[in-house]
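Visitor: Submitted below is the structure of interest, expressed as structure tokens.
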Amino acid sequence: MTTRVAESLLSRLSACIAEQLGLYFPRARWSDLARGIAMASRDLGWEDIDACIQWLTSSPLTQSQIEILARHLTVGETYFFREPRSFDVLAAHILPAFVRARRGKAQYLRFWSAGCCTGEEPYSIAILLGQELPDVQNWEVTIVATEINTHFLQKAAKGLYNAWSFRATPPEIKERYFTKAEAGQWAILPRIKNMVQFSSLNLAEHGYPSPWTNTHAMDVIFCRNVLMYLTPQCAQSVLHRFYHALVDGGWLIVSPSDTLYQLSVPFTTVHFPGVMLYRKDTQDARTNRAYLPKEVPFSIRQNETMGSLLPQSAWGDVPGRAVTLPQCASHAAGEAPEPACTEAAGMVESEGEAYREALALYEQGCYGEVVETLLERFPFQQPAHHTFPLDGKVYALLARAYANRGQLAEALAWCDKAVAADKLNHGFHYLRAMILQGQGQLEEAMRSLVRTLYLNQNCALAHFTLGHLTRQQGKGQEAMKHFAHALALLRIQCSDTLLLEAEGLTAGRLTDIIHALTDGELFR
């Protein structure tokens, strides 16, 4: 049956969907859009499709509306070990290189399945790791799987699959890693299932990469059969954010159908037999600045005192506190400054310039250069080094750079220095909690979050994170208290207010996330 919708309404809806979900519905696909909105209208409580479209396009979409639209407008077609050549390259080249570099040191591996659909892809990654890494239990393995369609996520979290999901899978995979379940289904083994962390994420939004979504410092990102459904502008933005999310030398794996040749991307193209992958190589990127990401991965604001761009409070900027330069008591008005005072002021000015340069490099995703610049320009190792006002911010920036490179031990060490330089900065304590969470040190992370709230009881994101961690520990009532505190703080803010420690997350978006966590069955 054909659904008849006015073209003018479909045009408005297509533009709305493109802007807020990133999904691409050109005129040639308006018939698909009409069928999808006809089904979504019923779930949204509307009998009149035209009225539903007018309602949807009259104001920004809520998280609930986005989830319902995504359920009916996205495609769920996947199976285990789809496009096997990508997995062959992962097993033969990519994984061994990371293992050789980290074995006996910081033994961790981080993967992200972006647009994971019903979970076959991230579970395939987990199975491959079990096959190729005999001592996988000795490694800190993170497999993050994100999807905008919460219906798909619910199925993925259950880990139950029918025969169609194994249509191109070797029989021994199903026999070794699955057990028979009811109604002809197969259940993935708990040890494989527990390796994957599922969460809802809209790639068209700006809340990633970020420690709070665990989408930072990735070794490998899978994003297959996703980009072709996005608008060119959204695909460009997503690729730039993936670039920021990867460590130096990290890999982006896309589908052959996701052509990147028309997009300006900073990645180095690497050809393997039968497949083409993309690698983050900041050395290559330095030679061609035109291809560096133009988007800033975090919000920044002007601080007139320094005349420079200073980051949010998690980086060391405390609202309402001006950065002051050292003063010399003997320098009265009209008198020439003493040499020592002049030297100190010059050092502060030089270090301020170095900080600005490093911050600009961070914005371009050149985390290695951030480390090089700061360690070279700041005399941290000199015994006579004086503590200047920028030190806390520099330590925090170093911690961020190391964390984005996946060097979490170094990140924690520099974050501890930031905390020591400014013990009352709640943002530093929150940053420390995020790094500890990435290391799997959940108890210590929770202690840092408690300190964050001691210094700033109005930090909604700290309440949210504590709620998330206590829920993981099975402390449901305690988690609900933290979620309730976070919601109470968010209600007094405008929905489009940016949260200081959340790198692009708004109060409205966090509110929607908390409602999803507390009301949906997926996270119970």
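Visitor: What is the distance, in nm, between label points placed 7 Å from the Cα along the Cα-to-Cβ direction at residue 475 and at residue 88?
Guide: Placing both labels 7 Å beyond Cα along the Cβ direction yields 5.0 nm.
Visitor: Same structure, new question: Quick one: what are the phi-derived ³J(HN,Hα) couplings along region 231-238, Karplus 6.51/-1.76/1.60 with θ = phi - 60°, whole Hz, x for glycine and proline?
Guide: Using θ = phi - 60°, the values come out as 5, x, 5, 5, 4, 4, 5, 4 Hz.
Visitor: Here is a follow-up. Which lysines, if any, have their Cα less than 21 Å from the Cα of residue 423, not counting same-chain residues under 8 positions apart?
Guide: Of all the lysines, those that pass the test against residue 423 - Cα under 21 Å, at least 8 places apart if same chain - are 393.
Visitor: Next up: Starting from the 7 Å offset along Cα-to-Cβ, what nm value, one decimal, do you get for the label separation of residue 183 and residue 100?
Guide: My value for the distance between the label points is 4.8 nm.
Visitor: Sticking with this one: Rounded to the nearest 20 Debye, what is the dipole magnitude of region 7-73 about its Cα centre when Lys and Arg each give +1 and Asp and Glu each give -1 at the C-beta?
Guide: Values: 6 positive and 8 negative charges, 41 e Å.
So the magnitude is around 200 debye.
Visitor: Now for a separate question. Give me the number: length gained by fully extending residue 409 to residue 496, i.e. 0.36 nm times residue separation minus the C-alpha to C-alpha distance, one decimal in nm. Working shown, then result.
Guide: On the way: separation 87, 0.36 × 87 = 31.32 nm, distance 3.46 nm.
Between residue 409 and residue 496, full extension yields 27.9 nm more.
Visitor: List every residue whose amide H lies under 5 Å from the amide H of residue 253, counting only residues 5 or more places away in sequence or on a different chain, with H placed 1.01 Å from N in the peptide plane.
Guide: 221, 222, 223
Visitor: Could you give the spread of the C-alpha atoms of region 129-263 along their three principal axes, from largest to smallest, in whole angstroms?
Guide: Taking the Cα atoms of region 129-263, the three principal extents are 44, 34, 26 Å.
Visitor: Can you tell me, using C-alpha contacts under 8 Å and at least 6 residues apart, the relative contact order of region 84-291 as a whole percent? Kindly include the intermediate steps, with their values, before the conclusion.
Guide: Working: 305 pairs, mean separation 39.4, N = 208.
With pairs under 8 Å counted, the relative contact order is 19 percent.
Visitor: From the residues 104, 203, 177, which one has its Cα farthest along the dipole of region 84-291 in the positive direction, the dipole being from +1 and -1 charges on Cβ of Lys/Arg and Asp/Glu about the Cα centre?
Guide: In region 84-291, that residue is 104.
Visitor: Grab the Cα-Cα distance for residue 377 and residue 167, subtract it from 0.36 nm times how many residues apart they are, and report the gain in nm with one decimal. Don't jump to the answer; show the numbers that get you there.
Guide: Working: separation 210, 0.36 × 210 = 75.60 nm, distance 5.72 nm.
Taking residue 377 through residue 167 to full extension adds about 69.9 nm, to one decimal.
Visitor: Shifting gears a bit: Which one of 33, 9, 46 has its Cα pushed farthest toward the positive end of the charge dipole of region 7-73, where Lys and Arg give +1 and Asp and Glu give -1 at the Cβ?
Guide: Working it through, the farthest residue towards the positive pole turns out to be 33.
Visitor: Once a ≥ b ≥ c are taken as the square roots of the eigenvalues of the Cα gyration tensor of region 7-73, is the result rounded (a/c under 1.5), prolate (a/b larger than b/c) or oblate (a/b not larger than b/c)?
Guide: It is rounded, given that a/c, with a ≥ b ≥ c, falls under 1.5.
Visitor: Report the number of Lys pairs in region 84-291 whose alpha-carbons are under 27 Å apart, with separation of 8 or more residues or on distinct chains.
Guide: Qualifying lysine pairs in region 84-291: 10.
Visitor: Additional query: Mind listing the long-range amide H neighbours of residue 216? Cut-off is under 5 Å, sequence gap 5 or more, other chains count too, H placed in the peptide plane at 1.01 Å from N.
Guide: Here 210 satisfy the definition.
Visitor: Another question about this same structure. Can you check what the net charge comes to around residue 219, using other residues whose Cβ is under 15 Å from the Cβ of residue 219 (Lys, Arg +1; Asp, Glu -1)? If you can, show how the numbers build up before the last one.
Guide: On the way: positive: 100, 102, 103, 105, 110, 279, 280, 405; negative: 132, 140, 248, 281.
It works out to a net charge of +4.
Visitor: Still on this model: Please give the length that would be gained between residue 135 and residue 360 if that part of the chain were fully extended, namely 0.36 nm times their separation in residues minus their C-alpha to C-alpha distance (nm, one decimal).
Guide: Numbers: separation 225, 0.36 × 225 = 81.00 nm, distance 4.00 nm.
Gain on extension, residue 135 to residue 360, equals 77.0 nm.
Visitor: Report the net charge of residues surrounding residue 198, where surrounding means a beta-carbon distance below 11 angstrom and charges are Lys +1, Arg +1, Asp -1, Glu -1.
Guide: Working: positive: 155, 158, 193; negative: 147.
Residues close to residue 198 contribute a combined charge of +2.
Visitor: Here is a follow-up. If you take every residue apart from residue 149 with its C-beta less than 10 Å away from the C-beta of residue 149, what net charge results, scoring Lys and Arg +1 and Asp and Glu -1? Could the numbers behind the result be given before it?
Guide: On the way: positive: 71, 155; negative: 67, 147.
Local net charge: 0.
No lab work stands behind these numbers, since they all come straight from the coordinates. Since this is a predicted model, take the numbers as computed values, not measurements. Heads up, the Cβs are rebuilt from the backbone with ideal geometry, glycines too, and the neighbour counts pull from every protein chain shown.
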